[in-house]
Amino acid sequence: MKRSTLRTALLLTAAACMATPLCALAQAWPNKQTIKLVAVFPPGGSVDQVARLLAQPLSQQLGQNVIVENKGGASGSIGAAAVAAAAADGYTFAVVFDTHGVNPSLIPNLPFDSKKDLAPVVLIGTSAMALATHAGSEFKTFADVVAAAKSKQGVNYGTIGSGSLGHLAMALLGRSAGLDFQHIPYKGGGPLMNDAIGGHVQLSIGSVFLTKPHIDSKRMRPLAVTTSKRTPELPDVPTIAESGFAGFDAPAWWAILAPAKTPPEILKRMNEEINKAMKLPDIAKKLEAQGIHVIGGSSDAARVFIEQQMDIWGKVVKENSIKAD
């Protein structure tokens, strides 16, 4: 009698599980098909490179092909929208940049809810942005910039585009400290660096990855970094926070997201595998070479960080009436 009761209970449990689509998906994953990492920016940029760095070890660890698909446009929102609308079966993930935290407040009528329609899997890492000037500039230190920005002449600065994190960071700094900064948006990092090196714009603000080669070649002079702590790639360059603006922190960041209804078992496994991949010496070294401070950790920690970024920069967008390009 007891054996029959136990057998019945087991059969009922198995039937209930198989009747639940998400349970069945989690059991089969990742054997069904190729896993796709959607890089939400075009080939060649940091998002694309991060995605490709992780695809290979993930493929080996999961025993399944992992490919990168670039789906750029609208500050990463086109690719994020595609992933939000994808089947929540663990075979489609988004690799996003810090613009993901800005887009909800910057772009009207996004076709998805950034907090409800996408589930954070892991925060890959953060990076400082460097505020720099051309080699022949009158600005020798960040204090020189502050003095000029307090004068009638003001200071102009270039970024990779309107609504970029560099734009918002300078808007926050200017508004909080009463500094006159005039924004000049460019169509990406290449055009920005060309004009910055040539002295056609007084300052540039961009990722360490973008700026450091020109600092190393002595064509650009770094003045400050935007993170709360100094960056190992530019150890002698002070932070804005230590230069008289306590608490200032504006990191660039990268994360991996999934469609919101992806089974929790799959999210947990993917989180574990990405954390494992980022600890591989070769992968860690390559991420660090891009100026990325690897963070990793839990999906919950990633969610808290990303939602904080949305709240911080949403307020800056609203207070400064910033519009997208």
Total charge dipole magnitude, the stretch 88-211, about the Cα centre, Cβ charges on Lys, Arg, Asp, Glu only, Debye to nearest 20: 280
The stretch 14-154, Cα convex hull volume normalised per residue, Å³: 168
Dipole magnitude (debye, nearest 20) for the stretch 179-232, charges at Cβ of Lys, Arg, Asp, Glu: 240
Value of relative contact order over the chain, rounded to a whole percent, pairs C-alpha under 8 Å and six or more apart: 25
Pairwise Cα inverse-distance average, inverted: Kirkwood Rh of the stretch 129-243 (Å): 13.7
Straight-distance crosslink candidates among lysines, where the alpha carbon sits under 27 Å from Lys268 and sequence neighbours closer than 8 are dropped: Lys32, Lys36, Lys71, Lys115, Lys116, Lys276, Lys279, Lys285, Lys286
Computed over the stretch 240-325, the ratio Rg/Rh where both radii use C-alpha atoms and Rh is Kirkwood: 1.05
Top positive-direction residue, dipole computed over the chain with Cβ charges, set Ser127, Ala86, Tyr157: Ala86
19 Å Cα-Cα reach of Lys218 towards lysines, excluding residues that sit fewer than 8 places from it in its own chain: Lys140
Average projection area in nm² (convex hull over Cα atoms of the chain, one quarter of hull surface): 18.7
Dipole moment magnitude, nearest 20 debye, the chain about Cα centre, only Lys, Arg, Asp, Glu C-beta charged: 720
Segments 105-113, 265-273, 43-51, 165-173 sorted - mean Cβ within 10 Å per residue, highest first: 165-173, 43-51, 265-273, 105-113
Of the DSSP H helices in the chain, those whose Cα atoms cover at least 20 Å axially and whose Kyte score averages -1.0 or more: 2-19, 46-62, 264-278, 299-319
Beta bridges by DSSP in the stretch 129-243, antiparallel share as percent, to the nearest 5: 55
Antiparallel DSSP beta bridges within the chain, percent to nearest 5: 60
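No lab work stands behind these numbers, since they all come straight from the coordinates. The shown structure was predicted, so the numbers you read here are calculated from the model rather than taken from an experiment. All Cβ positions, even for glycine, are placed from backbone atoms using ideal geometry, and neighbour counts span all protein chains on display.
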